[in-house]
Amino acid sequence: MKYDKFFALASERGISDAQLIINTHYSFDVGLFDGEMRNYQISDGSDVVAKGIYEGKLGVVALDKFDNSKIDKVIDDIIESAKIIKNDDPVFIYQGSEKYHKFNVFNPKLEEIPTEKKINLLYELNKEIKTLDSRVDQVQLDYEEVKESYTIINSKGLKLSQKSNYYVLSSEVVVRDKDVTKDGSEYVISNNFDDIDVKKFASDSVKNGIDKLGGVTCPTKTYKAILDREVVAVLLRYYIAHASSESIQKGTSMWIDKVGQQVGSSKLTVIDKPIVKNPWGRYFDDEGVACYNKPIIKYGILQGYEYNLTTAAKDGVESTGNGFGGGKVGVGNAFISLKPGKKSLNELMAKMGNGVYITDIEGMQGINGQNGNFSLQSTGFIIENGKISKPLDLVTISGNLFEIFKDITDVGADIRTTFYDNEVPSLLIKKLKVSSE
C-alpha cells in the first residue's frame, strides 16, 4: 500500500506502467589470520530500482532507499532516463505468470546460532590446521554470512518476494618446505551449519597445499586431461553464455542456428536449474517471469535458447524466465547444473591412464568469451598409470571451449556447488595442450 502514491503519480505524469525492485541485504563477516581476528564487519542496507515506461521507452533509476519524499525526483529521473534511449527495443512491465513454483531457500536455524559459536568455529579450525603438519606456515580463515530479500512490485498488481540466506566458510593455508611455499584452500557454501565437518575441512585445507610441494614441469605437448570441478565451473559459465538469445540476436554467439544440433559430447548434459534449494534458487526472474528447470544441452544437443521478455518479443516466443540483471536486465541464469556421471575421480584417473589433472586456473582475461579460445596459467598433477605421480608446477593450458566440451569422454560423480553459481563434476577430456615455457 505504501507504494500506491508512487504508482498513481507516475501514471499522472505519463508513465504508462511502473515497477519497483527492492533488495535488502545483511552480511556478517569475520576473519582470522594465524589465530588473530583481522576483521569483523556487519553490513545492513537496501537498494531500490525504479522503472517506468514513458513514451514507449523504459526509464530506469537506481537508489539506495525509497520513501515518499523522493517520489517526484524518482519520477523525473525515470522520464529523463527514458528520453535518452535511442533504440526501439520492445519494453515491458510484466503482469505476472499464470503459475509460480514457489519454494523456500531460507533457513531460519542459521540465524539462531549465536555469533560467538560461529567465531569460535574459526578458532577451532585454526588450532586443528596448525596441529596437522609442521610445514603449515600461515592460516587465514573467513566466515561470511549473508541474508537477502528480493521483492518486485508494479502498477499491474504484481507482487513477488523471495528471501535467502547462506554462509561461505573459506580457508587459505600457506605451507613451507625449506625455501618452497605453496598454498592450499577449501570452502563450504551452505545455509546449514551442520554441513561443516571441522576435521575434514582442516585436513583438506592442509592437504591441498602439501600435495603441491615438490612440483615439476612437464614436456610441452598435448595430453589426455582431467579438469577439476573448480576449472569446469569457470569454463562452463563462458561456454553456456552462448545459449543467450541476446548473444544470438547480436550475432556474437557461436550457436546461431544450432538448436537441435550437436554442440558438445554425448556425455554432456547441462541444466538451467533455478528451482533448486540452495542460496541461488529463484522462482521468478528479475522481470517477474516464473522460472523453471530446463535442459540447455542434452546429450550434447543444444535444446534451445534462453530469453528475457525483450528478446522473446523480438523472436515471437515466450520468455524462458532468464531475465536477470536488476536494473538493466539481460539474459542470464540463477543456477546451472552439469549432470554428473557414475565414476569417482580415482576411476576417471584409472580410465585415463597417463595424462594431467588440472586443478587450478588463473587469469580469466585469458578466455575469449566470443570465440572460446583460451590460454590460462594453471597447476595440477601428472597422472601416471592411473594415479597421481607428481605435482605440476605452473604451466599454461590452451585450447578452445567448444572443443573441450566436445572432447569429453567421461563425467565424474564428484559433483560440487561452486562459487560460480553452478554445480559441476570433474571431466575427462581427450586432449589438452600443456606448455611449460
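Summary table
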read-out: 5 angstrom amide H check on Val331, placed H, neighbours 5+ away; value: Phe324
read-out: Candidate lysines for bridging to Lys70, where Cα separation is under 18 Å - those fewer than 8 sequence places away on the same chain excluded; value: Lys2, Lys5, Lys51
read-out: Considering only the chain, percent of DSSP beta bridges that pair antiparallel, nearest 5; value: 95
read-out: Volume per residue of the C-alpha convex hull in segment 232-302, rounded to whole Å³; value: 114
read-out: Cut-off under 5 Å, modelled amide H: who pairs with Ile383 long-range; value: Gly355, Val356, Tyr357, Ser389
read-out: Largest-first principal axis extents of the Cα set of segment 79-153 (Å); value: 65, 32, 21
read-out: Reciprocal of mean inverse Cα separation for segment 124-237 (Kirkwood radius, Å); value: 17.4
read-out: Burial ranking of peptide ranges 162-169, 371-378, 189-196, 109-116 (average Cβ count within 10 Å, highest at the top); value: 162-169, 371-378, 189-196, 109-116
read-out: Anisotropy class of segment 1-160 from Cα gyration tensor, a/c 1.5 cut; value: prolate
read-out: For segment 314-322, Karplus couplings with θ = phi - 60° (6.51, -1.76, 1.60), whole Hz, Gly/Pro x; value: 5, 9, x, 10, 8, 4, 9, x, 10
read-out: Proximal lysines relative to Lys298, as straight alpha-carbon distance under 18 Å, when same-chain residues fewer than 8 apart are discounted; value: Lys258, Lys267, Lys273, Lys339, Lys342, Lys406
read-out: Three-way shape label, segment 173-275, alpha-carbon gyration tensor, a/c 1.5; value: oblate
read-out: Where Rh is the Kirkwood radius over Cα pairs, Rg/Rh for segment 314-431; value: 1.04
read-out: Over the chain, relative contact order from alpha-carbon pairs under 8 Å, at least 6 apart, %; value: 15
read-out: Relative packing of 130-143, 218-231, which averages over residues the other C-beta atoms within 10 Å, highest first; value: 218-231, 130-143
read-out: Residue-wise HN-Hα coupling along segment 148-155, computed from phi with Karplus coefficients 6.51, -1.76, 1.60 (Hz; x: Gly, Pro); value: 9, 9, 9, 10, 10, 9, 9, 6
read-out: Kirkwood hydrodynamic radius over Cα pairs of segment 266-328, then Stokes diffusion coefficient at 10 °C and 1.306 mPa s, in µm²/s; value: 127
read-out: Relative contact order (%) - criterion: Cα under 8 Å, at least six apart; region: segment 119-259; value: 18
read-out: For segment 369-437: Kirkwood Rh in Å [reciprocal of mean 1/r, alpha carbons]; value: 13.8
read-out: Over segment 1-96 - Rg/Rh using Cα atoms and the Kirkwood inverse-distance radius; value: 1.20
read-out: With 10 Å bins from 0: P(r) over segment 206-251, alpha-carbon pairs, percent; value: 18, 28, 30, 15, 9
read-out: Prolate/oblate/rounded label for segment 237-352 (Cα gyration tensor, a/c 1.5); value: oblate
read-out: Segment 226-232 - phi-based ³J(HN,Hα) in whole Hz, Karplus 6.51/-1.76/1.60, Gly and Pro as x; value: 10, 9, 5, 4, 5, 6, 4
read-out: Cα long-axis angle, helix 71-83 against the chain (0 to 90 degrees, to the nearest 10); value: 80
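Read the figures in this text as sums done on the coordinates, not as results from a lab. Quantities reported herein were computed from a predicted structural model and do not represent experimental measurements. Please note: Cβ atoms are built from the backbone with ideal geometry, for glycine as well, and neighbour counts cover all protein chains shown.
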